[in-house]
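What follows is one structure encoded as structure tokens, with my remarks underneath.
Read-outs throughout are calculated quantities, based only on the coordinates presented, and are distinct from any laboratory measurement. Keep in mind the model is a prediction, meaning the values are calculated, not measured. FYI the Cβ positions are ideal-geometry reconstructions off the backbone, even for glycines, and counts take in every protein chain you see.
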Amino acid sequence: MTLRTTCVGSWPIPFGLRPELKRYYAGEIDDVAADDLLAKAARISMDEMIACGVDQIMGGEVWGPDFVHHVPPRLSGLETIQPRDTSKGYDGIGRYRIIGNVAAPHGTGHALAYRREQKIEPRLDKAAVPSPLTMTLGMEQDPRLREQIPNYVAIVQEEVRDMVKAGAAEIQLDAPSEATALVNGTATATDLIGDLVAPFEGTTGVIRTIHFCLGDISRRAGTEVQNLSSLLPLLQILDGHVDRVHLECSHPGQWRDRHLLGEIPNSIEIIAGIADVKDKPQSVEVLTERIDSVLQVLEEKRLLLSTSCGCGRVPHDEAIRLLRNLAKAARGE
């Protein structure tokens with residue numbers, strides 16, 4: 001038995017390039033001047049993923065290793081209240097105030113990165129961008145947020161369309177904010193569905209994927225409430241809107257709910273995030289047992305395997321071992 005394996009997105013920053021990359025992250029080098037550096041970093045990241053043996057790689061997000069936190073400084077219409085401080089975990093999330101119509105005059109960087117990375121690796125066919133709601137991290141209480149959501153939808157939609165033009169075969173929306181809102185009971189499936197799938201409107205010939213996790217800052221989830229049952233109503237009404245969902249399955253409450261994977265519409269393939277990025281790398285044997293458990297619920301043809309979230313916050317050697325063990329378990333080794 002061989003099951004398909006894929007990646008979520010982020011990968012540890014190449015150690016030897018960190019001093020140069022930090023200059024880019026600090027805004028000392030712009031996108032154009034950093035192009036060669038970012039291509040070199042992506043090349044290393046993709047080579048490592050390929051060496052791990054997964055079927056589908058991604059670009060590694062080495063140009064924006066802090067997930068969505070690099071986005072607000074690229075947008076107009078925002079004022080910084082608290083700059084992002086990675087040393088403080090969740091307390092260090094950047095905080096922003098909406099002072100005008102939010103726009104991305106130079107894009108969010110996601111489509112630009114995909115174009116750069118696809119040029120140097122023809123195997124790269126999957127791109128990712130955060131969902132509109134996830135892009136509003138750090139301004140949840142802003143009184144103008146609701147009125148600006150259509151602008152965030154337009155920003156993400158433009159990234160998706162650019163990725164399609166660049167030849168992406170699969171586009172993934174990363175949606176931890178939606179998943180967290182559902183498990184915390186602050187939003188319902190009907191509240192979320194419209195803005196979540198709007199970026200895919202008009203796209204044809206691509207696999208539409210959404211990644212649901214509960215956040216990952218300093219290898220910690222964004223909520224203590226962890227299950228799949230709260231997500232099920234949204235997953236069921238995604239029928240016809242998406243082709244795949246990637247579900248984090250690593251927290252104990254999520255794993256206990258794995259039987260609910262069988263209640264997701266048959267039109268949707270499922271990427272099971274069984275390799276836990278918040279723990280020490282699981283062995284091939286442990287991952288094989290998890291695969292066997294999922295196969296009791298899902299047909300092999302609907303199932304893909306992945307890590308629970310991106311590996312960007314995982315120590316480099318552990319990320320390699322985790323992904324390699326997952327690939328081996330998927331091949332039955």
(message) Less than 13 Å apart at the alpha-carbon level, and either on another chain or at least 8 residues along: which aspartates and glutamates does that give for Lys280?
(response) Asp317, Glu318
(message) Which order do the peptides 155-162, 194-201, 131-138, 99-106 come out in when sorted by mean C-beta neighbours inside 10 angstrom, highest first?
(response) 131-138, 155-162, 194-201, 99-106
(request) Let me have the relative contact order for region 231-333, percent, based on Cα pairs under 8 Å that are six or more residues apart. (result) 31
(message) Give me the tail of P(r) for the chain as a percent: Cα-Cα pairs with distance above 30 Å.
(response) 29
(request) Please list 163-175, 202-214 highest first by mean number of surrounding beta-carbon atoms within 10 Å per residue. (result) 163-175, 202-214
(request) Quickly rank 45-57, 267-279, 26-38 as a protection proxy: mean count of other C-beta atoms within 10 Å, highest first. (result) 267-279, 45-57, 26-38
(message) Below 18 Å, Cα to Cα, which aspartates and glutamates can Lys165 reach? Residues fewer than 8 away in the same chain don't count.
(response) Glu117, Glu121, Asp125, Glu201
(message) Ignoring everything except DSSP H segments at least 4 long, calculate the 222 nm mean residue ellipticity for the chain; use -39,500 (n - 2.57) per segment, divide by total residues, nearest 500.
(response) -10500 deg cm²/dmol
(message) If I take every Cα pair under 8 Å that is 6 or more residues apart in the chain, average their sequence separation and divide by the length, what percent do I get for the relative contact order?
(response) 20
(request) Give me the orientation-averaged projected area of the Cα convex hull of region 184-333, in nm², one decimal. (result) 9.2
(request) Compute the separation of the alpha-carbon centres of region 315-330 and region 1-30 and state it in Å as a whole number. (result) 16
(message) If every alpha-carbon in region 145-234 counts as one equal scatterer, what log10 I(q)/I(0) does Debye give at q = 0.21 1/Å?
(response) -1.08
(request) Please sort through the DSSP H helices of the chain and keep those with an alpha-carbon extent of at least 15 Å along the long axis and a Kyte-Doolittle average not below -1.0. (result) 35-52, 145-165, 284-295, 316-330
